[in-house]
Amino acid sequence: MIDRLRKLLNDMEENIEPEHAEYVEKLHLKSIRYEEVPYIPLTTIYPLDGSYERFPYGEAFYDPEKMLYNELLWSFSSNLNSIRVKDCFPMQIRSNHGIGIISSLFGAKCRILQDDMPWVDPLDDGIESVKKLIERGLPELDTGLGVLVRETHQFFIDTLKQFPKCYKAIHVTQPDLQGPFDIAHLLLGTDLFYALYDEPEVIQELLELITSTYIGFRKWIEPYLTDKAGEDAVYVHGAIFGGKVLIKDDTALINLSREQYEKFSRPYNLRILEEFGGSLHYCGPEREWHHDVLRHPALKSLQYGNPEMHDLKYDYSGWSENKTSIAFWGYNQDAAFLNKAKDLGIKTGMSFACKASGYQEAADILRNHTEGKRI
């Protein structure tokens, strides 16, 4: 084990409080079930203090030790900062290999540009390549980035087991599996939108294949996860969500009409949700038809990538009707929205996150939010 990783884990093992982590999980679970809670769980997101510095992403991509080090320092929020400030971040790490994991099983290539998250190149021959994929059927799961994800997660688990308190409190979550329509977009690029009109049957066959692959991969990766929260929720994407999966649906919900969405995205998402129970994430603004189309008993939680583009009163009143929780609201905003939520009388059914300038501001925000009720 590299010295920097051992030092970080020793530091975290010495200071972590598993009892607090257990309390945080229970608080999240109660809130996403719309049960009474003393306050809505809040994650504070603030910069690292300089005592530890992450490796360049490009170095960590193929190096599980460096990736584990980076993930411990920052995975949606900072596990290390959370230990120090004792907020309500449900501590977690993942194989952070980007959006192209399932796409890579179909032969799509990922490139790291300027040390940013990977860029996925569409298949060379477009719709003709897709037709060949459909002919071949389900891909091998232990290929492409799949094997790297499995090996990385196994390393995470084996390493954390050497630090019992960390292993108990920090959860290894599913990687970024995206969602059927987003994966189709990665495979075809903008050609997908032409194909919706020119080759709709082919796209539907592709989406069926992607959906079956998604379900198979989620089951295949299960032994390499420690993401379970209670009996009906998981740690993922910085929060605790209902069900076992988090579908990313950015492309379809923002770019398709309602009619197109109901034909090319909703049926495939529902296959996944009905298989596992789960949640859904998307970036961008609200469309007037989103609530009606998304509502389903198997949809347990929502997460908005751009909460600043949404109306908290409208979304909460809509989703609370059938107890669909809203997770990680506000993670790219400062703490001002917390007062609005309080004024709206929101007391459960959500988890919050907000930005802070540093440890002291984070501690002050938490003190005000919890009103002295923290353990």
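Scanning region 84-107 for residues that are over 15 Å from the mean Cα position of the chain (by Cα), farther than 16 Å from L48 by Cα and open to solvent by 10 Å² or more (accessible area, probe 1.4 Å) gives S104, L105, F106, G107. The residues in region 313-345 that are farther than 16 Å from L280 by Cβ and either of a type in the set (V, I, T) or open to solvent by less than 10 Å² (accessible area, probe 1.4 Å) (or both) can be counted, and the count is 2. For region 251-288, the set of residues classified as over 20 Å from the mean Cα position of the chain (by Cα) and open to solvent by less than 20 Å² (accessible area, probe 1.4 Å) consists of L256, Y261, F264, listed by residue number.
For (1) within 14 Å of S95 (Cα to Cα); (2) polar (S, T, N, Q); (3) out of contact with any Lys or Arg (no Cβ under 8 Å at 6 or more places or on another chain), each residue gets a yes or a no:
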site: T143; (1), (2), (3): no, yes, yes
site: I157; (1), (2), (3): yes, no, yes
site: F163; (1), (2), (3): no, no, yes
site: C166; (1), (2), (3): no, no, yes
site: L177; (1), (2), (3): yes, no, no
site: F193; (1), (2), (3): no, no, yes
site: L196; (1), (2), (3): no, no, yes
site: L206; (1), (2), (3): no, no, yes
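Note on region 28-48: among residues that are polar (S, T, N, Q) and closer than 18 Å to Q92 by Cα, the one that is surrounded by the most Cβ atoms within 10 Å (Cβ to Cβ) is T44.
Name the residue that is surrounded by the most Cβ atoms within 10 Å (Cβ to Cβ), counting only residues in region 346-361 that are more than 23 Å from I32 (Cβ to Cβ) and touching a residue at least 40 places away in the same chain (Cβ under 8 Å).
Kept after step one, since they are more than 23 Å from I32 (Cβ to Cβ), are these residues of region 346-361: 356-361.
If we keep only those that are touching a residue at least 40 places away in the same chain (Cβ under 8 Å) as well, we get 356-359, 361.
Working: A356: 21, S357: 10, G358: 14, Y359: 15, E361: 17.
Selected residue: A356.
Of the residues L366, L344, L338, the single one that is among the aliphatic types (A, V, I, L, M) and in contact with an Asp or Glu (Cβ under 9 Å, 6 or more places away or on another chain) is L366. Output yes when any residue across region 75-83 is open to solvent by 10 Å² or more (accessible area, probe 1.4 Å) and among the β-branched types (V, I, T), and no when none is. Yes, region 75-83 has at least one match.
Scanning region 164-218 for residues that are open to solvent by less than 40 Å² (accessible area, probe 1.4 Å) and among the acidic types (D, E) yields D176, D182.
Consider E308 carefully, then state whether it is open to solvent by 10 Å² or more (accessible area, probe 1.4 Å) and more than 26 Å from K342 (Cβ to Cβ). Break it down stepwise before answering.
Values: open to solvent by 10 Å² or more (accessible area, probe 1.4 Å): yes; more than 26 Å from K342 (Cβ to Cβ): no.
Taking the combined requirement at face value, the residue does not satisfy it.
For region 192-205, the condition holds for at least one residue, the condition being that it is farther than 20 Å from L299 by Cα, among the hydrophobic types (A, V, I, L, M, F, W, C) and without any contact (Cβ under 8 Å) to a residue 60 or more places away in the chain. Annotation for region 150-158: no member residue is open to solvent by less than 10 Å² (accessible area, probe 1.4 Å), hydrophobic (A, V, I, L, M, F, W, C) and without any contact (Cβ under 8 Å) to a residue 24 or more places away in the chain.
The values are calculated or read from the model by the stated rules, or taken from the named source; none is laboratory data. Note that this is a predicted model, so its numbers are computed, not measured. Cβ atoms come from the backbone with ideal geometry, glycine included; neighbour counts cover every protein chain shown. We work out accessible area using only protein heavy atoms, side chains counted, and drop any ligands, DNA or RNA first. Shrake-Rupley method; radii C 1.70, N 1.55, O 1.52, S 1.80 Å.
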